[in-house]
């Protein structure tokens with residue numbers, strides 16, 4: 001399906017065609033494969049390409065109850081670039097033709113959540129500016145923590161807060177071993193530890209074990225365990241959202257073992273692991289809900305030396 005408006009046109013294509021054009025999506029969450037995997041979470045998935053004389057941008061979104069969401073089943077969405085950079089003019093044209101295209105489909109609202117600025121401040125600042133100028137409302141401005149792995153350089157413990165350093169040193173006195181899970185049984189144990197942690201806090205996991213298994217066939221992932229064999233007390237599950245960037249999707253410890261301070265040691269070991277792999281930075285995920293900071297989570301991440309960038313969500317009523 002093609003919708004032409006002035007000099008810009010929007011094409012609704014199949015996932016296969018989208019992949020052929022958008023060969024390097026902004027992140028794995030912007031890929032046709034990831035969105036096709038989660039297509040059951042909305043009524044219809046739209047794989048959209050924007051072009052004039054050549055293709056300029058890609059955008060994937062889902063429709064639920066006459067509302068267009070990008071993302072519809074991921075931490076963030078929005079546009080993918082087809083060149084290293086793009087003029088603001090093309091963003092303006094793309095947003096305009098997107099709105100008219102969706103009005104023709106009887107869509108009433110557009111919701112867009114951008115990646116945190118750490119993923120590309122120049123491009124995301126342009127998108128932010130274009131959205132605001134086209135009368136999108138800023139729905140929420142969330143805190144997203146990341147750790148700059150180039151800051152490691154052997155002096156990590158000296159540079160973090162005293163409380164975090166004390167907790168790491170306490171945990172290091174325990175017979176706790178950090179291992180990368182390799183077998184399905186080990187990966188399932190990591191999931192079970194995190195699931196138990198979330199249930200104890202009244203915050204269930206969004207991904208079932210079965211859905212996680214499907215996802216990691218598409219998305220490269222690492223599973224880690226901390227403890228002793230047959231008695232692990234903490235775990236982490238991380239996705240490679242880009243070849244050089246990992247996002248901590250889930251992590252947690254068994255509440256009955258919190259006195260060992262396993263989360264501080266787990267974070268320390270995860271940072272060390274990815275520093276040794278040569279990754280530049282690590283995404284620790286969102287630390288607020290609808291813009292309201294989760295104080296304990298923010299304090300923990302910042303005590304471990306993490307920085308913050310904003311992850312912004314926008315809304316526009318169009319019908």
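The values are calculated or read from the model by the stated rules, or taken from the named source; none is laboratory data. Every value quoted in this text rests on a predicted model; they were computed, and no experiment measured them. Ideal geometry is used to build each Cβ from the backbone, glycine not excepted, and the neighbour counts take in all protein chains shown.
What to note about this one:
- Among (1) in contact (Cβ under 8 Å) with a residue 40 or more places away in the chain; (2) more than 29 Å from residue 40 (Cα to Cα) - the single one residue 196 does not satisfy: (2)
- Meets criteria (in contact with a strand residue (DSSP E or B) (Cβ under 8 Å, 6 or more places away or on another chain) and within 24 Å of residue 238 (Cβ to Cβ)) for residue 115: yes
- Taking the criterion of being within 17 Å of residue 288 (Cβ to Cβ) and either crowded, with 20+ Cβ neighbours inside 10 Å or at pLDDT below 95 (or both), the residues of segment 114-141 that qualify are 114, 115, 116.
- Single condition residue 260 does not satisfy, out of (1) buried (at least 19 other Cβ atoms within 10 Å of the Cβ); (2) free of Cβ contacts under 8 Å to residues at least 24 places away in the same chain: (2)
- So residue 76, is it closer than 24 Å to residue 317 by Cβ and modelled with pLDDT under 95: no
- For segment 79-114, the candidate set comprises residues that are assigned to a strand (DSSP E or B) and either without any contact (Cβ under 8 Å) to a residue 60 or more places away in the chain or not assigned by TED's automatic domain parsing to the domain that holds residue 26 (or both); within that set, the residue that is farthest from the chain's Cα centre (by Cα) is 81.
- Any hit, segment 250-268, residues being touching a strand residue (DSSP E or B) at 6+ places or on another chain (Cβ under 8 Å) and more than 21 Å from residue 201 (Cα to Cα): no
- Residue 168 vs. criteria in a helix (DSSP H, G or I) and in contact with a helix residue (DSSP H, G or I) (Cβ under 7 Å, 6 or more places away or on another chain): yes
- Residue among 270, 246, 219 that is under 22 Å from the mean Cα position of the chain (by Cα), under 16 Å from residue 28 (Cα atoms) and surrounded by 22 or more Cβ atoms within 10 Å (Cβ to Cβ): 246
- Among the conditions (1) crowded, with 20+ Cβ neighbours inside 10 Å; (2) touching a strand residue (DSSP E or B) at 6+ places or on another chain (Cβ under 8 Å); (3) under 13 Å from residue 261 (Cα atoms), the only one that residue 167 does not satisfy is (2).
- Any hit, segment 92-109, residues being under 27 Å from residue 295 (Cβ atoms) and touching a strand residue (DSSP E or B) at 6+ places or on another chain (Cβ under 8 Å): no
- Of all residues in segment 142-164, exactly one satisfies the criterion of being assigned to a loop (DSSP other than H, G, I, E, B) and crowded, with 18+ Cβ neighbours inside 10 Å, namely 160.
- Residue count for segment 173-189, restricted to those that are over 30 Å from residue 216 (Cα atoms), in contact (Cβ under 8 Å) with a residue 12 or more places away in the chain and either within 28 Å of the chain's Cα centre (by Cα) or loosely packed, with under 13 Cβ neighbours inside 10 Å (or both): 1
- Checked against the criterion of being assigned to a strand (DSSP E or B) and touching a helix residue (DSSP H, G or I) at 6+ places or on another chain (Cβ under 9 Å), the candidates 72, 76, 50, 26 yield just one match: 50.
- Among the residues of segment 283-292, those that are more than 23 Å from residue 254 (Cβ to Cβ) and under 17 Å from the mean Cα position of the chain (by Cα) comprise 283, 286, 288, 289, 290, 291.
- Helices (runs of 4 or more DSSP H) fully within segment 209-319 counting 2 or more residues that are at pLDDT 95 or above and under 30 Å from residue 37 (Cα atoms): 209-215, 262-276
- Those residues of segment 62-78 which are under 22 Å from the mean Cα position of the chain (by Cα) and either within 24 Å of residue 205 (Cβ to Cβ) or free of Cβ contacts under 8 Å to residues at least 40 places away in the same chain (or both), in sequence order: 62, 64, 69, 70, 71, 72, 73, 74, 75, 76, 77
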